[in-house]
Amino acid sequence: MTNGGGGVPDAVNDVAAGAVLVVLRGNSASGKSTTATTLQHSMERSTCVVVPQDVVRRKMTWEPDEAGRINVELIEHIATFALARGLVTIVEGILDTRRYGAMLERLANAAPRSLFYAFDLSFEETLLRHASRPLAAEVPESFLAQWYHGWQPLEFTTETRIDASWDLTTITERIRGDIAAARTDGPGR
C-alpha cells in the first residue's frame, strides 16, 4: 500500500519479498563507499540502490552529523522506498550507533532479509587508506581523529566484522554470496 503521494511506501509492510537490506558501517576511509559501488556495479542494472550517508547528510541536507537532524529520517525513507521495490538496498556510512542505531534497527525489522557488515580498522590503517584517496587533500588527519570511534557494535544484530586483512574482492564476493543465500533462504536476519 502507498500513500496518495506518488508511490511512496506507507509502512514497513510494503517491503517487497525480494528485497535485501545490506548495511556497511565503519570509520571514515575504511572502504565502505568503494565496496558499495563495486557491489552495485557487479549486479544487474536497476536491481541495487546505494544510500550513502555522506551524500544524504553532506550534499542533500547539508547538515552537521548531530542527533535529531533530518538526514537520519531521509536515509530511512530512501531505503524503505528501495526495499518496497524489491531491490538490494545498500545503506553505507559511518552510521554512528548513537545517532543511527534506532533507524538501522527499524530498517532491519522492515526488510525481509538484512545483512550487516562493519569495517573494524585501527586508526593507523584508517590513515593509510585515507592518504590514498583524492579526498585526503581536503580532509585533514585531525578530522579523521575526531570522527574515529573504533569498534561500535549494534545491539540488535550480529555484524560481520571486516578487518584490514580483507581485500575488496574478498569483501564483495562474501557479500554477494550472502545476498544470494539470503534470497534463497527466505526472510530473516
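The values are calculated or read from the model by the stated rules, or taken from the named source; none is laboratory data. As the structure is a computational prediction, the values presented were derived from the model and not from experiment. No Cβ is skipped: glycine too gets one built from the backbone with ideal geometry, and neighbour counts run over all protein chains shown. Accessible surface areas use protein heavy atoms only, side chains included; no ligands, DNA or RNA. Shrake-Rupley method; radii C 1.70, N 1.55, O 1.52, S 1.80 Å.
Flag set for T169, criterion: at pLDDT 95 or above and open to solvent by 20 Å² or more (accessible area, probe 1.4 Å). If only residues of region 58-86 that are of a type outside the set (V, I, T) and touching an Asp or Glu at 6+ places or on another chain (Cβ under 8 Å) are counted, the one that is least open to solvent (accessible area, probe 1.4 Å) is N71.
What are the residues in region 87-103 that are outside any helix (DSSP H, G or I) and open to solvent by less than 20 Å² (accessible area, probe 1.4 Å), if any?
Here is the first cut: in region 87-103, the residues outside any helix (DSSP H, G or I) are 87-96.
Within region 87-103, V88, T89, I90, V91, E92, G93, L95, D96 meet the criteria.
When region 28-48 is filtered for residues that are polar (S, T, N, Q), modelled with pLDDT under 95 and open to solvent by less than 30 Å² (accessible area, probe 1.4 Å), the ones remaining, listed by number, are S28, S30. Scanning region 104-129 for residues that are surrounded by fewer than 19 Cβ atoms within 10 Å (Cβ to Cβ) and under 12 Å from the mean Cα position of the chain (by Cα) gives a single hit, A108. Residue pairs whose Cβ atoms lie under 6 Å apart, sitting 6 or more positions apart in sequence or on different chains, and linking a residue in region 22-40 that is farther than 12 Å from F123 by Cβ to a partner that is open to solvent by 20 Å² or more (accessible area, probe 1.4 Å) and aliphatic (A, V, I, L, M), are V22/L115; A36/V50; Q40/V50.
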